[in-house]
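J.: Structure in C-alpha cells, see below.
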Amino acid sequence: MSEQLAIYGGPKAKTTENFPMYPGGLEIGEEEKKEVMEVLDNKYLFRYYGPAGAESKVKKFEQAFAKKMGSKYCLATSSCTGALLSAMTACGIGPGDEVIVPGYTFFASCATIVGAKAIPVIAEVDETLTIDPEDIKKKITPSTKGIICVHMRGVPCDMDRILPIAKEHNLVVIEDCAQACGVTYKGKCVGTFGDAGCFSFQYHKTITAGEGGAVLCQDERIYDRACSYHDTAACWRPDRFAEQRYEGELFCGSNFRMGELAGAVMCAQLNRLDYLNEAMRRHLAIIKEGIKDTKGISVRPCNDAAGDAGICLMFYLDSREKVAPFAEALTAEGVPAAGVFNAGIPDWHIYAHWKHVLNEKAPTAIKCPWDCPYHKAQPVKYAEDMCPNTLEYLGRVIHIDLPAQMTDEDAHMIVKAINKVAEVLA
Ligand SMILES: Cc1ncc(COP(=O)(O)O)c(C=O)c1O
C-alpha cells in the first residue's frame with residue numbers, strides 16, 4: 001500500500017529546505033568582495049581608462065572566459081540581449097533578412113532579431129525543447145539569413161544536424177547560451193559552434209553579476225564588428241583616432257559595455273562554474289536514474305546527456321490534463337514544480353504569448369521590419385497556433401529547478417516524491 005500523498009494529508013516526501021534558483025548568486029562571498037574592492041580601491045571603474053596602474057577586470061574576465069570556453073575571442077557585454085544584438089549586427093543580419101528562432105526561448109532571442117531590423121520566423125522545438133532541425137529546413141526562404149540556436153534550459157541543440165543545414169544554405173548561426181553556461185555538446189562548449197555564441201550573467205543564470213553578458217566568436221572581423229556595435233560607434237577600437245581599417249568596421253552602434261564592477265564579480269564567479277555545473281549534473285543524474293522506470297512519465301530527451309547543465313528536470317506526462325494536479329501534488333510533497341504552457345499565463349518563453357511579434361507591433365507607425373521594402377520573400381505570417389508541436393510538448397511537460405546548493409540526499413527525496421505522485425496521478 002503506497003503512502004498517502006501530502007496533498008491529501010500524508011507525510012511529505014521531501015522535508016529539507018528548498019533553495020531558490022540562483023546558483024552563482026547564492027555563492028557570492030569573499031572572492032567576489034576582494035575583486036570588487038580592488039576596483040574601488042583603484043578607482044578604476046571604466047574598462048577603457050582610469051588611474052594608471054590598474055588592469056581592467058572586464059578584460060581579465062574576457063580572457064579567462066574565452067580560455068575556459070575554448071574560444072578565440074570574447075567580448076563582455078552588459079547583457080545577453082546586448083550580446084545578441086551586437087552579434088547579429090556583427091554577422092551582417094539586417095533589413096530585409098529573415099532569422100529563424102525557436103518558439104520556446106526567452107522573448108529576448110526574438111526581440112533582438114527585430115532590434116536588428118530583421119524579421120523573426122518562428123520554428124518548432126522538438127521533444128528536447130530545442131529547435132527542431134526538420135522545421136528549420138521547412139522555414140528557409142530566399143530571404144533567410146540566420147538561425148538562432150537556443151540551448152534551452154541547459155540542453156544543447158542538435159548541432160550535428162543544424163550546422164550542415166546552415167552550411168548548405170549559407171546561413172549565419174548564432175547560439176543563444178543564456179541558459180547554458182558550461183553546457184557541452186560532444187565535449188565542446190556551446191557558444192563555440194556557430195558564428196557567435198551569446199551568454200547571460202543576469203542573476204538567475206549559473207554564474208552572475210546581477211546583469212551581464214558575453215559574445216564568443218572565432219572570426220576576427222565578427223569580433224571587431226561586435227566590439228564596434230557594443231560601443232556606440234567603435235569609439236574604443238585599438239586606435240580610437242584611426243581611420244577605419246576596412247569597410248564595415250565603422251558604423252553607428254549602441255552601448256552594451258560591461259562595467260568594471262560587473263567584470264570584477266565575473267572574474268570570481270567564473271572560478272565557481274565547474275563546481276556548480278558538477279553539482280547540478282550529479283543531482284540530475286541521480287533523479288533521472290531514480291525515475292527511469294516510472295510509469296506514466298518520460299524525461300525530456302537530451303541531444304548530449306553528458307553536456308546537459310543540469311539546471312532543471314523536465315519530464316512529460318501523457319496528457320496535459322494531468323499536469324496541474326501532478327505539479328500541485330509534487331509541490332505539496334516539498335518539491336516546487338510547475339507546468340510550462342498555460343494559455344492564461346503569459347510566460348515570455350513561449351511564442352504564443354509574444355503579442356508584439358504575432359501582432360507585428362512597432363514603436364512607430366512604419367511597421368519596421370515587417371513592412372521592409374528590402375524583404376523580397378513572401379510576407380511572414382504569424383498565429384498563436386502556428387507551432388502546434390511546440391505547444392503540445394510544452395502543454396505536457398513539468399519543470400523542476402535543481403539548485404546547485406541542494407544535496408544528493410535532496411535529489412533522492414525528489415525521486416521519492418516523483419515516484420509517489422506518479423503512482424497515483426501519472
Ligand atoms: C534564452 C535567453 N536568451 C536571452 C536572454 C536575455 O538575457 P539578458 O537578461 O542577459 O539580456 C535570456 C534571459 O533570461 C534567456 O533566457
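J.: Please determine, in degrees from 0 to 90 and to the nearest 10, the orientation of helix 80-90 with respect to the longest principal axis defined by the Cα atoms of the chain, where the helix direction is its Cα long axis.
T.: For 80-90 against the chain, the angle is about 50 degrees.
J.: While we're here: Please report the net charge: other residues with Cβ closer than 9 Å to the Cβ of Gly339, K and R +1, D and E -1.
T.: Spelling it out: positives minus negatives among the neighbours equals +2.
J.: Using alpha-carbon positions, what is the distance between the centroids of segment 77-102 and segment 398-426, in Å?
T.: So the separation of the two Cα centres works out to 38 Å.
J.: Which value, in debye to the nearest 20, gives the size of the charge dipole of the chain about its Cα centre, when Lys and Arg are +1 and Asp and Glu are -1 at the Cβ?
T.: 520 debye
J.: Also, quick follow-up: Starting from the 7 Å offset along Cα-to-Cβ, what nm value, one decimal, do you get for the label separation of Ala285 and Leu40?
T.: Placing both labels 7 Å beyond Cα along the Cβ direction yields 4.1 nm.
J.: On to the next question. Once you compute Rg and the Kirkwood Rh from C-alpha atoms, what is the Rg to Rh ratio for the chain?
T.: Reported Rg/Rh (Cα atoms, Kirkwood Rh): 0.99.
J.: Show which aspartates and glutamates lie in cross-link reach of Lys34 when reach means a straight Cα distance below 18 angstrom and same-chain residues fewer than eight apart are skipped.
T.: Excluding near neighbours in sequence, the set is Glu55, Glu260.
J.: Suppose only helical runs count, i.e. DSSP H with n ≥ 4. What mean residue ellipticity at 222 nm does that imply for the chain under -39500 (n - 2.57) per run, divided by all residues and rounded to the nearest 500 deg cm²/dmol?
T.: Taken over the chain, the calculation gives -10500 deg cm²/dmol.
J.: How far, in nm, would the chain grow between Ala306 and Lys59 when pulled straight, counting 0.36 nm per residue and subtracting the alpha carbon separation?
T.: That pair, Ala306 and Lys59, stretches by 85.8 nm at full extension.
J.: How far apart, in nanometres, would the label points at Thr15 and Ser298 be if each is projected 7 angstrom from Cα along the Cα-to-Cβ direction?
T.: 3.7 nm
J.: Give me Tyr351, Tyr275, Tyr185 sorted ascending by neighbouring Cβ count inside 10 Å, so fewest comes first.
T.: Tyr275, Tyr185, Tyr351
J.: Determine, for Thr206, Thr294, the number of other Cβ atoms within 10 Å of each Cβ, and report the residues in order from fewest to most.
T.: Least crowded to most crowded, the residues run Thr294, Thr206.
J.: Nearest 10 degrees is fine. How inclined is helix 220-230 to the longest principal axis of the chain, computing both from alpha carbons?
T.: 90 degrees
J.: So, one more: Taking the Cα atoms only, what angle lies between the long axis of helix 273-291 and the longest principal axis of the chain, rounded to 10 degrees?
T.: Result, in degrees: 30.
J.: Rounded to whole Hz and in sequence order, give me ³J(HN,Hα) for segment 38-54 from the Karplus expression 6.51 cos²θ - 1.76 cosθ + 1.60, θ = phi - 60°, writing x for Gly and Pro.
T.: Result, rounded to whole Hz: 4, 4, 5, 4, 7, 6, 10, 9, 10, 4, 8, 6, x, x, 4, x, 9.
J.: By average Cβ neighbour count within 10 Å, what is the ranking of 125-131, 209-215, 373-379, 167-173 from highest down?
T.: The densest-packed peptide leads the list: 209-215, 125-131, 167-173, 373-379.
J.: How big is the antiparallel share of DSSP beta bridges in the chain, given as a percent to the nearest 5?
T.: Just about 60 percent of them are antiparallel.
J.: Give me the lysines in straight-line cross-link reach of Lys416: C-alpha distance below 21 Å, same-chain residues under 8 apart excluded.
T.: Here the lysines satisfying the reach criterion relative to Lys416 are Lys12, Lys14, Lys288, Lys292, Lys295, Lys322.
J.: Still on this structure, please answer the following. Which aspartates and glutamates does Lys355 reach when only Cα atoms under 12 Å apart count, and residues fewer than 8 places away in its own chain are ignored?
T.: Correct list for Lys355: Asp347, Glu384.
J.: What distance in nm separates the simple spin-label points at Tyr246 and Thr141, each placed 7 Å from Cα in the Cβ direction?
T.: My value for the distance between the label points is 3.1 nm.
J.: Excluding Leu276 itself, what net charge comes from residues whose Cβ is under 12 Å from its Cβ, given Lys and Arg +1 and Asp and Glu -1?
T.: Charge balance in the 12 Å sphere: +1.
Every number in this text was worked out from the coordinates using simple rules, so none of it is lab data. What you are looking at is a predicted structure, and each value in this text was computed from that prediction instead of being measured. Methodologically, a virtual Cβ is constructed for each residue, glycine included, from the backbone with ideal geometry; neighbour enumeration extends over all protein chains shown.
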